[in-house]
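The values are calculated or read from the model by the stated rules, or taken from the named source; none is laboratory data. Since the model is a prediction, treat every value here as computed from it, not as a measurement. Reconstructed Cβ throughout: ideal geometry from the backbone, glycine too, with neighbour counts over all protein chains shown.
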Amino acid sequence: MSDSALMVKELLDKMGVRAAPVPVEKIAEFLGARLVYEPARQGEEVYGMLYRDEGQPVIGVNSSNHIHRQRFTVAHEIGHLLLHKGDEYIDTPKVHYRDFLSGLAIDNEEIEANGFAAELLMPREFIEKSLQVIGKKKMDDPQKIIDKLSKEYKVSPQTAEFRLKNLGVFSPE
Ligand SMILES: [Zn+2]
(Lines give C-alpha, C1' and ligand atoms only; values in the text may rest on other atoms or scores of the structure.)
Protein backbone atom coordinates (compact mmCIF):
# COMPACT_ATOMS: atom_id res chain seq x y z
CA MET A 1 0.00 0.00 0.00
CA SER A 2 1.18 3.53 -0.74
CA ASP A 3 1.59 6.12 2.01
CA SER A 4 -1.57 7.84 0.85
CA ALA A 5 -3.55 4.60 0.88
CA LEU A 6 -2.40 3.86 4.43
CA MET A 7 -3.22 7.36 5.63
CA VAL A 8 -6.65 7.19 4.06
CA LYS A 9 -7.36 3.80 5.58
CA GLU A 10 -6.38 5.03 9.05
CA LEU A 11 -8.44 8.17 8.68
CA LEU A 12 -11.56 6.32 7.51
CA ASP A 13 -11.19 3.73 10.29
CA LYS A 14 -10.79 6.45 12.89
CA MET A 15 -13.94 8.20 11.67
CA GLY A 16 -15.92 5.01 11.17
CA VAL A 17 -16.53 5.69 7.49
CA ARG A 18 -17.38 2.38 5.83
CA ALA A 19 -19.34 3.25 2.75
CA ALA A 20 -19.47 5.68 -0.15
CA PRO A 21 -19.83 8.56 -0.60
CA VAL A 22 -16.84 9.51 1.56
CA PRO A 23 -17.78 12.60 3.65
CA VAL A 24 -14.82 14.77 2.64
CA GLU A 25 -16.13 17.91 4.35
CA LYS A 26 -16.49 16.11 7.68
CA ILE A 27 -13.01 14.68 7.28
CA ALA A 28 -11.56 18.14 6.59
CA GLU A 29 -13.26 19.48 9.72
CA PHE A 30 -12.09 16.49 11.74
CA LEU A 31 -8.56 17.43 10.73
CA GLY A 32 -9.06 20.94 12.07
CA ALA A 33 -9.64 22.72 8.78
CA ARG A 34 -12.29 25.35 8.16
CA LEU A 35 -14.18 25.15 4.87
CA VAL A 36 -15.03 28.29 2.95
CA TYR A 37 -17.23 28.07 -0.12
CA GLU A 38 -17.24 31.00 -2.48
CA PRO A 39 -18.16 31.46 -6.11
CA ALA A 40 -15.23 32.46 -8.29
CA ARG A 41 -15.21 35.99 -9.64
CA GLN A 42 -15.88 36.32 -13.32
CA GLY A 43 -12.94 35.21 -15.44
CA GLU A 44 -11.21 33.69 -12.45
CA GLU A 45 -10.28 30.08 -12.95
CA VAL A 46 -9.69 28.41 -9.64
CA TYR A 47 -10.79 25.15 -8.08
CA GLY A 48 -9.73 25.83 -4.56
CA MET A 49 -6.96 26.59 -2.14
CA LEU A 50 -5.39 25.75 1.15
CA TYR A 51 -3.96 28.42 3.41
CA ARG A 52 -3.59 29.18 7.08
CA ASP A 53 -5.48 31.78 9.06
CA GLU A 54 -3.75 32.38 12.39
CA GLY A 55 -2.53 28.82 12.32
CA GLN A 56 -5.83 27.23 11.37
CA PRO A 57 -5.90 25.52 7.98
CA VAL A 58 -8.57 26.95 5.70
CA ILE A 59 -9.79 25.14 2.60
CA GLY A 60 -11.34 27.47 0.05
CA VAL A 61 -13.63 25.88 -2.52
CA ASN A 62 -14.99 27.43 -5.69
CA SER A 63 -18.72 26.92 -5.16
CA SER A 64 -19.39 27.68 -8.84
CA ASN A 65 -17.84 24.35 -9.76
CA HIS A 66 -19.83 21.14 -10.16
CA ILE A 67 -20.39 19.34 -6.84
CA HIS A 68 -18.14 16.50 -8.04
CA ARG A 69 -15.36 18.98 -8.69
CA GLN A 70 -15.92 20.61 -5.28
CA ARG A 71 -15.60 17.26 -3.53
CA PHE A 72 -12.43 16.50 -5.46
CA THR A 73 -11.05 19.91 -4.48
CA VAL A 74 -11.71 19.30 -0.77
CA ALA A 75 -10.06 15.87 -1.02
CA HIS A 76 -7.10 17.36 -2.91
CA GLU A 77 -6.58 20.09 -0.31
CA ILE A 78 -6.76 17.49 2.49
CA GLY A 79 -3.92 15.78 0.61
CA HIS A 80 -1.85 18.98 0.72
CA LEU A 81 -2.72 19.43 4.38
CA LEU A 82 -1.55 15.96 5.40
CA LEU A 83 1.34 15.44 3.01
CA HIS A 84 2.91 18.83 2.36
CA LYS A 85 4.51 21.66 4.25
CA GLY A 86 3.73 24.64 2.01
CA ASP A 87 1.94 27.67 3.49
CA GLU A 88 -0.39 28.15 0.59
CA TYR A 89 -1.66 26.14 -2.36
CA ILE A 90 -3.80 27.64 -5.07
CA ASP A 91 -5.30 25.08 -7.39
CA THR A 92 -6.40 26.04 -10.86
CA PRO A 93 -7.35 23.98 -13.91
CA LYS A 94 -3.93 24.79 -15.37
CA VAL A 95 -2.14 23.26 -12.42
CA HIS A 96 -4.25 20.14 -12.55
CA TYR A 97 -5.52 18.82 -15.77
CA ARG A 98 -2.34 17.85 -17.50
CA ASP A 99 -1.04 16.04 -14.45
CA PHE A 100 -4.22 14.28 -13.71
CA LEU A 101 -5.16 13.08 -17.16
CA SER A 102 -1.85 12.39 -18.79
CA GLY A 103 0.46 11.90 -15.83
CA LEU A 104 2.85 14.63 -16.98
CA ALA A 105 4.76 16.02 -14.06
CA ILE A 106 4.21 19.73 -13.57
CA ASP A 107 4.60 19.67 -9.87
CA ASN A 108 5.17 16.64 -7.74
CA GLU A 109 3.06 17.90 -4.86
CA GLU A 110 0.09 18.40 -7.18
CA ILE A 111 0.40 14.85 -8.44
CA GLU A 112 0.61 13.57 -4.87
CA ALA A 113 -2.42 15.59 -3.79
CA ASN A 114 -4.39 14.26 -6.77
CA GLY A 115 -3.35 10.72 -5.93
CA PHE A 116 -4.41 11.24 -2.34
CA ALA A 117 -7.77 12.68 -3.45
CA ALA A 118 -8.42 9.65 -5.65
CA GLU A 119 -7.61 7.32 -2.73
CA LEU A 120 -9.83 9.27 -0.36
CA LEU A 121 -12.82 9.61 -2.68
CA MET A 122 -12.61 6.04 -3.97
CA PRO A 123 -10.83 3.89 -1.37
CA ARG A 124 -9.65 0.56 -2.75
CA GLU A 125 -11.56 -1.56 -0.24
CA PHE A 126 -14.80 0.30 -0.97
CA ILE A 127 -14.32 -0.12 -4.71
CA GLU A 128 -13.66 -3.83 -4.32
CA LYS A 129 -16.94 -4.21 -2.42
CA SER A 130 -18.84 -2.15 -4.96
CA LEU A 131 -17.49 -4.26 -7.81
CA GLN A 132 -18.55 -7.43 -6.01
CA VAL A 133 -22.06 -6.05 -5.72
CA ILE A 134 -22.10 -5.11 -9.40
CA GLY A 135 -21.03 -8.65 -10.22
CA LYS A 136 -18.69 -10.12 -12.77
CA LYS A 137 -21.26 -10.46 -15.53
CA LYS A 138 -21.70 -6.75 -15.93
CA MET A 139 -17.97 -6.07 -15.91
CA ASP A 140 -17.81 -6.13 -19.69
CA ASP A 141 -19.60 -2.79 -19.88
CA PRO A 142 -17.05 -0.31 -18.48
CA GLN A 143 -19.20 2.74 -19.17
CA LYS A 144 -22.03 1.39 -17.01
CA ILE A 145 -19.65 0.69 -14.16
CA ILE A 146 -18.10 4.14 -14.46
CA ASP A 147 -21.54 5.79 -14.39
CA LYS A 148 -22.71 3.68 -11.46
CA LEU A 149 -19.61 4.36 -9.36
CA SER A 150 -19.63 8.04 -10.32
CA LYS A 151 -23.11 8.32 -8.75
CA GLU A 152 -22.32 6.11 -5.76
CA TYR A 153 -19.07 7.90 -4.88
CA LYS A 154 -20.17 11.39 -5.97
CA VAL A 155 -17.17 11.84 -8.24
CA SER A 156 -16.97 12.78 -11.90
CA PRO A 157 -17.02 9.95 -14.45
CA GLN A 158 -13.45 10.96 -15.39
CA THR A 159 -12.29 10.54 -11.80
CA ALA A 160 -14.05 7.16 -11.57
CA GLU A 161 -12.53 5.97 -14.83
CA PHE A 162 -9.06 7.14 -13.89
CA ARG A 163 -9.28 5.45 -10.51
CA LEU A 164 -10.57 2.17 -11.92
CA LYS A 165 -7.74 2.08 -14.44
CA ASN A 166 -5.31 2.92 -11.71
CA LEU A 167 -6.58 0.04 -9.58
CA GLY A 168 -6.18 -2.27 -12.56
CA VAL A 169 -9.91 -2.91 -12.89
CA PHE A 170 -9.82 -1.73 -16.50
CA SER A 171 -6.73 -2.09 -18.56
CA PRO A 172 -5.40 1.25 -19.79
CA GLU A 173 -5.85 1.88 -23.51
ZN1 LIG B 1 -2.90 21.39 -5.32
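Can you tell me which residues in segment 76-90 are surrounded by fewer than 22 Cβ atoms within 10 Å (Cβ to Cβ) and either assigned to a helix (DSSP H, G or I) or of a type in the set (A, V, I, L, M, F, W, C) (or both)?
Leu81, Leu82, Leu83, Ile90 - these are the residues of segment 76-90 that are surrounded by fewer than 22 Cβ atoms within 10 Å (Cβ to Cβ) and either assigned to a helix (DSSP H, G or I) or of a type in the set (A, V, I, L, M, F, W, C) (or both).
When you scan segment 67-75, do you find a residue that is at pLDDT 85 or above, surrounded by fewer than 20 Cβ atoms within 10 Å (Cβ to Cβ), hydrophobic (A, V, I, L, M, F, W, C) and away from the ligand (no atom under 13 Å from the Cβ), even just one?
For segment 67-75, residues at pLDDT 85 or above, surrounded by fewer than 20 Cβ atoms within 10 Å (Cβ to Cβ), hydrophobic (A, V, I, L, M, F, W, C) and away from the ligand (no atom under 13 Å from the Cβ): present.
Would you please list the contacts, defined by Cβ atoms under 8 Å and residues six or more apart or on different chains, that run from a residue in segment 76-92 that is touching a residue at least 24 places away in the same chain (Cβ under 8 Å) and near the ligand (Cβ under 10 Å from one of its atoms) to a residue that is aromatic (Phe, Trp, Tyr) and assigned to a helix (DSSP H, G or I)?
Every condition considered, the pairs that remain are His76/Phe116; Gly79/Phe116.
Suppose the filter is within 22 Å of Leu149 (Cα to Cα), part of a helix (DSSP H, G or I) and at pLDDT below 95; does Ala5 pass it? Break it down into steps so the answer makes sense when it comes.
Numbers: within 22 Å of Leu149 (Cα to Cα): yes; part of a helix (DSSP H, G or I): yes; at pLDDT below 95: yes.
Considered against the rule, which asks whether it is within 22 Å of Leu149 (Cα to Cα), part of a helix (DSSP H, G or I) and at pLDDT below 95, Ala5 comes out as yes.
Report every pair of residues separated by at least 6 positions or lying on different chains whose Cβ atoms are under 8 Å apart, first residue within segment 108-120 and of a type in the set (S, T, N, Q), second at pLDDT 90 or above.
From residues that are of a type in the set (S, T, N, Q), the pairs are Asn114/His76; Asn114/Gly79.
Would it be correct to say that Ala40 is without any contact (Cβ under 8 Å) to a residue 40 or more places away in the chain and part of a loop (DSSP other than H, G, I, E, B)?
When the stated conditions are applied, Ala40 passes them.
Would you call Asn108 closer than 22 Å to Glu10 by Cβ and at pLDDT below 95?
On the way: closer than 22 Å to Glu10 by Cβ: no; at pLDDT below 95: yes.
No; evaluated as a whole, the condition is false for this residue.
Looking only at segment 44-59, count every residue that is more than 24 Å from Pro157 (Cβ to Cβ) and either modelled with pLDDT under 95 or surrounded by fewer than 21 Cβ atoms within 10 Å (Cβ to Cβ) (or both) and tell me the total.
10
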